[in-house]
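Encoded as structure tokens, the structure appears first; notes follow it.
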Amino acid sequence: MAGLFSNFFESKEKHIVGVDIGSSSIKVVQLYLKKERVYLSTYGSVALGPYANTDIGRATNLSPDKIQKILSHIISESKITTKNAGVAMPFGSSLLSVIRMPRVSDEELENIIPMEARKYIPASLDEVTLDWSIISEYNNSSSEKETKDSNSKKEESKLSQVDILLAAVPNETINRYQSIVKNSGLGVSFMEIETFSTLRSTLRGKTPGSNVIIDIGARMTKIYIVDGGAVRSSHIINKGSQDITFSISKAFDLSVKEAEMVKRNINIYNSKGQEKEVISRSMDYIFSEVNRLLKNYQKKSNKPFNSVILTGGGGSLMGLEKISEEKLNIPVTKAKPFDGVEVPNFLKERIDMIGPEFSVACGVALRGLEKS
């Protein structure tokens, strides 16, 4: 079935641009495929704060018309050469849920899942686009046979079950993003929830098993717990990188603009005295919530986490991975979404530094090339 993340659109073009419209910036990445290798053609980013009469790094709430004009500008400035585009939709406007069901035929699942979805979606199904994908299938008998003594219980334990990842996006959100991108001069080849774009670009080459992705945006932080390459749990924490800026501004009596520059230009881990203390303390709530979520998941799964991957604009902060390791007691790395992408030599250092900011845009573009 045609969906948000299960089936990919065929594309005759080998060039595609991934579009990521965030709350504090817009990012675009154009990739192309040549002889089975992926190359970076161009990329671009623009901060939205100044367009909302506020500071760079601040979350905004601009009108679709203004966003469309900004997107048109960045397309021109970045010298995007293709109209073939994939678009990421915000996780905050979507719903992801893992549901467990008896294993029946795909045809039966098609009929059952919309009825089951009503339990999880706080809106009429007519108002959302619904998609689903089987992420695991197993037989209960292997884990339960020792505790089930009666014949009837043994028979029941043999019933196969499946875990299904359910996704729903409001039609209003889909229509708004389609309109913005089309009016900017691009053609929308496909759309997907940003979660899947992030997973695609950050987990390539990672050790299979349980991993955690922490996407630190300006307004919020998104947590994705991933097992076997599939999202098992997802959460939003309503604090982000702009809260670090506010803490620096207050502690050192700086303007928000000055505090933003301090945040971006220092190595948080190596900073001395009050700077490190202020920044670390401003992240305490996020780390506390992440630890709580991870402990709850481990109680259910009984699996250790292989790694934590930092992404998003906040994930680019120098030294944050070392502070994160101390807070979470799990190996932490920064996302490298352009690993495996051929990048011009003069750009490699820059791309490595800003990579976490472009995880979504790069991931969308990569999807567009998967069926080229």
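The values are calculated or read from the model by the stated rules, or taken from the named source; none is laboratory data. Just so it is clear, the model here is predicted, and its values are computed rather than measured. Please note: Cβ atoms are built from the backbone with ideal geometry, for glycine as well, and neighbour counts cover all protein chains shown.
Among the residues of the stretch 248-259, write down those that are more than 15 Å from Ser271 (Cα to Cα) and surrounded by 18 or more Cβ atoms within 10 Å (Cβ to Cβ).
Correct list: Ser249, Val256.
Would you check if Gln242 is of a type in the set (S, T, N, Q) and touching a strand residue (DSSP E or B) at 6+ places or on another chain (Cβ under 8 Å)?
For Gln242, the condition - of a type in the set (S, T, N, Q) and touching a strand residue (DSSP E or B) at 6+ places or on another chain (Cβ under 8 Å) - is not met.
Only one of Leu31, Leu40 is over 18 Å from the mean Cα position of the chain (by Cα), in a strand (DSSP E or B) and crowded, with 24+ Cβ neighbours inside 10 Å; which?
Leu31 is the lone residue from the list that is over 18 Å from the mean Cα position of the chain (by Cα), in a strand (DSSP E or B) and crowded, with 24+ Cβ neighbours inside 10 Å.
Restricting the stretch 60-81 to residues that are under 24 Å from Leu40 (Cα atoms) and of a type in the set (Val, Ile, Thr), which is surrounded by the fewest Cβ atoms within 10 Å (Cβ to Cβ)?
Only one residue tops the list, namely Thr81.
Let me confirm something: among Val226, Val256, which residue is assigned by TED's automatic domain parsing to the domain that holds Asn302, aliphatic (A, V, I, L, M) and either under 23 Å from Ser24 (Cα atoms) or touching a Gly at 6+ places or on another chain (Cβ under 7 Å) (or both)?
Residue meeting the stated conditions: Val256.
Being touching a His at 6+ places or on another chain (Cβ under 8 Å) and either in a helix (DSSP H, G or I) or at pLDDT 95 or above (or both) is the requirement here; does Ile223 meet it? Give the derivation first.
Numbers: touching a His at 6+ places or on another chain (Cβ under 8 Å): yes; either in a helix (DSSP H, G or I) or at pLDDT 95 or above (or both): yes.
Spelling it out, Ile223 is indeed touching a His at 6+ places or on another chain (Cβ under 8 Å) and either in a helix (DSSP H, G or I) or at pLDDT 95 or above (or both).
Could you give every pair whose Cβ atoms fall below 9 Å, whose first residue belongs to the stretch 51-70 and is under 24 Å from Glu260 (Cα atoms), and whose second residue is acidic (Asp, Glu) and in a helix (DSSP H, G or I), counting only separations of at least 6 or pairs across chains?
Asp55/Glu260; Ile56/Glu260; Gly57/Glu260; Arg58/Glu260
Collect the residues in the stretch 228-277 that are in contact (Cβ under 8 Å) with a residue 40 or more places away in the chain, part of a loop (DSSP other than H, G, I, E, B) and aliphatic (A, V, I, L, M), keeping them in residue-number order.
Hits for the stretch 228-277 are Ile266, Ile268.
Could you tell me which residue of the stretch 171-212 is farthest from Ala365 (Cα to Cα), considering only residues that are in contact with a Pro (Cβ under 9 Å, 6 or more places away or on another chain) and part of a loop (DSSP other than H, G, I, E, B)?
Gly209
Suppose we filter Leu310, Leu320 for residues that are within 21 Å of Ile223 (Cα to Cα) and either within 14 Å of the chain's Cα centre (by Cα) or surrounded by fewer than 21 Cβ atoms within 10 Å (Cβ to Cβ) (or both); which single one remains?
Just a single option satisfies the conditions, and that option is Leu310.
Tell me, please, whether a residue that is buried (at least 18 other Cβ atoms within 10 Å of the Cβ), modelled with pLDDT of 85 or more and aliphatic (A, V, I, L, M) can be found in the stretch 124-140.
For the stretch 124-140, residues buried (at least 18 other Cβ atoms within 10 Å of the Cβ), modelled with pLDDT of 85 or more and aliphatic (A, V, I, L, M): present.
Does Phe338 qualify as being modelled with pLDDT of 95 or more and in contact with a Cys (Cβ under 9 Å, 6 or more places away or on another chain)?
Spelling it out, Phe338 is indeed modelled with pLDDT of 95 or more and in contact with a Cys (Cβ under 9 Å, 6 or more places away or on another chain).
Could you grab the pairs with beta carbons closer than 7 Å, sequence gap of 6+ or different chains, first residue in the stretch 116-138 and outside any loop (DSSP other than H, G, I, E, B), second one among the acidic types (Asp, Glu)?
Ile135/Asp163; Ser136/Asp163
Within the stretch 278-372, considering only helices (runs of 4 or more DSSP H) that don't extend past its boundaries, which have at least 2 residues that are in contact (Cβ under 8 Å) with a residue 60 or more places away in the chain and hydroxyl-bearing (Ser, Thr, Tyr)?
Values: elements: 284-301, 312-315, 320-328, 348-354, 359-370.
Correct list: 284-301.
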